[in-house]
Amino acid sequence: MSLPRLLHSPESIAERVGELGAELTEVLDDGAVIVGVLKGCLPFLADLVRCIDRRIEIDFVALSAFAPDSGRIRLTRDIAADVTDRQVVLVEGVVDTGFRVDFLRRHLVGHCTSEVRVCTLFDRSDRRVLPVQVDHAGFVFDEGFVVGYGLDHQGLYRNLSCVVAVDLTALEAERRAGRTEMADEVLRLAGSGADAGPEEGSRVPA
């Protein structure tokens, strides 16, 4: 199928986020800390926490990789909350190679948490390098490149309420040439209101 293509509509995302919130409500105690990984988690985390029926605290961490896919990672913002003997849910927009999650899980365990769970809306298990555990995942997919709902290209498209699969090579070539045809089509798909639903087999069973 040609790209760009609507992969997950706002409706299908909202439904799955609600289910993840219900899952977390079942396993969390009052006082749990939800830790978002900036910046890609923001739309997901904002919607997710409103679906968790517990008294929770929200905090954030930020990372900077020294080299792409090298596994060398630097923490640029640490949590401010005291998480000693508390449950922590690490919230990522997408988990792919596993380097970031592995680093952060070990870092949070070092803060003497009682438990660290990983929750991501998008699990790129096809790109996994480290066999990290993902406790709660919304969708598993193997698209080449996607944007929207926190996922970006050159800082753009994070604000889209849907997820769109794009041709990264064509998108970058268009950007260098100062053209906007594909970018315009991405925005058109995001505003179309079409409910494509999740890809067959891409939704993690509840």
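The values are calculated or read from the model by the stated rules, or taken from the named source; none is laboratory data. Nothing here was measured: the structure is a model prediction, and the numbers come from that model. When we count neighbours, we look across all protein chains shown, and the Cβ atoms used for this are built from the backbone with ideal geometry, even at glycine.
The figures follow:
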{"read-out": "Check on residue 76, among the polar types (S, T, N, Q), modelled with pLDDT under 95 and farther than 20 Å from residue 130 by Cα", "value": "yes"}
{"read-out": "Given (1) on the phi < 0 side of the Ramachandran plot; (2) surrounded by fewer than 19 Cβ atoms within 10 Å (Cβ to Cβ); (3) not β-branched (Val, Ile, Thr), number of the condition residue 104 does not satisfy", "value": "(2)"}
{"read-out": "Residue in region 20-32 that is in contact with a strand residue (DSSP E or B) (Cβ under 9 Å, 6 or more places away or on another chain), crowded, with 16+ Cβ neighbours inside 10 Å and under 17 Å from residue 80 (Cα atoms) present", "value": "yes"}
{"read-out": "Selection status of residue 27, β-branched (Val, Ile, Thr) and closer than 27 Å to residue 143 by Cβ", "value": "no"}
{"read-out": "Residues satisfying the stated conditions in region 155-172, i.e. among the β-branched types (Val, Ile, Thr) and under 27 Å from residue 47 (Cα atoms)", "value": "163, 164, 166"}
